[in-house]
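Structure first, then comments.
Throughout, read-outs are computed from the coordinates displayed, never taken from laboratory work. These numbers come from a predicted model, not from an experiment. Cβ sites come from the backbone with ideal geometry, for glycine too, and all protein chains shown count toward neighbours.
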Amino acid sequence: MASFFDRIRDGLAKTAQQIKQRLGEAVADAPATPAASASRSPSSRALTIDSIEAVEDALIGADVGLAATTRIVDAVRRDRTGSVGDRVRRVMLGILNDVKTPPQVATKPHIILVVGVNGTGKTTTVGKLANLYRNEGRSVMVCAADTFRAAAVEQLTVWAGRAGVDLVRAQSGADPAAVTFDAVSAAKSRGRDILIVDTAGRLHTRANLMAELDKIRRVVSREVPGAPHEVLLVLDATVGQNGLVQAREFMTASGANGIVLTKLDGTAKGGVAVAIAHDLKVPIRYVGVGEGLDDLVPFDAAVYVDALFVEKW
């Protein structure tokens, strides 16, 4: 199996290639950075960047966003220590590491609500997340609370089967909060470590759907202390900056405390992860780097930044 760095690097290949093209002649070969060399083959090399203006153009092109790009460029101009490329890496890492992941609680079951609009890869993310936790040795159950789309329930049934985890589902049109209640009861009685709830895709402007999500939150909080322990908002990386306004409003309504960034391998807008950390102040917990069951990986800021600025020769 490919290393963690290789999978992130491959997922960011389109973004990294666009960055290099925009940097153009401002890029030169250099030995790999110490942080990157520990997790990468010796045939890889870092990129040394000599033009701040080229950096600005490259970051905007990669959808890092105007606000984050301005912060990076201003900091690079002030800090004269090391090459431009090294300074860019330091600032980007600082932005990503400023947003801390909330500490995990020991409550069992640990309940995760997965929210977002349709088309972001929400249901497949639930299946991949279940597989990731099961591979870590956790006992997992998933709940098909998107009862409005029969296809969503069938899709999750397939993913749960592939991941080898329990599934709680109901008939199409059933009350999502009632299905969630049944899933919580089942997870408790079977001693499951984690319950992942797939909620219906919704827009923050749909008051009835947001009220339904709030009802689900009340149900799980009543049944398990401190639940939901995580509310993960699934964002499509291919949308880039256009998804940030929607995400900002959605987070306010849903109480999301973590981001899953999907379809990273299908876009040259992978820099949006920096914009998310800078603008939304919410940690990116996982990234999707492909369509396979194992193609959801925990986000690592240092690996991500190196993957943007490193080429394998």
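Here are the numbers for the structure shown:
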quantity: Selected from Gly271, Thr147, Gly116, residue furthest toward positive end of dipole (the chain; charges at beta carbon); calculated: Thr147
quantity: Ellipticity estimate at 222 nm from DSSP helix runs (n ≥ 4, -39,500 (n - 2.57)) divided over the chain, nearest 500; calculated: -14000 deg cm²/dmol
quantity: Net charge contributed by nearby residues that have their C-beta within less than 12 Å of Pro283 (K/R +1, D/E -1); calculated: 0
quantity: Theoretical gain in end-to-end length, Arg138 to Asp98 [0.36 nm per residue, Cα-Cα removed]; calculated: 11.5 nm
quantity: Potential lengthening between Asp294 and Arg149 on full extension [0.36 nm per residue; Cα-Cα distance subtracted]; calculated: 49.7 nm
quantity: More than 21 Å apart - percent of Cα-Cα pairs taken over segment 110-301; calculated: 46 percent
quantity: Ser172/Asn242 FRET efficiency (R0 30 Å; Cβ-Cβ; nearest 0.05); calculated: 0.45
quantity: Candidates Met141, Met251, Met210, ranked by Gaussian network fluctuation over the chain, Cα under 10 Å, top entry; calculated: Met210
quantity: Estimated FRET transfer efficiency (Lys281, Asp79; beta-carbon r; R0 25 Å; 0.05); calculated: 0.65
quantity: Candidates Glu249, Glu230, Glu56, ranked by Gaussian network fluctuation over the chain, Cα under 10 Å, top entry; calculated: Glu249
quantity: Distance between modelled label sites at Gln17 and Val158, nm, 7 Å Cα→Cβ extension; calculated: 2.8 nm
quantity: Amide hydrogen neighbours beyond the local backbone of His110, cut-off 5 Å, H modeled; calculated: Ile194, Leu195
quantity: Neighbour-count order for Thr180, Thr157, fewest beta carbons within 10 angstrom listed first; calculated: Thr157, Thr180
quantity: Cβ charges +1 (Lys, Arg) and -1 (Asp, Glu), total dipole of the chain, debye; calculated: 600 debye
quantity: The chain: most fluctuating residue of Arg134, Arg190, Arg285 per GNM, C-alpha cutoff 10 Å; calculated: Arg190
quantity: The chain, relative contact order [Cα under 8 Å, separation at least 6], %; calculated: 27 percent
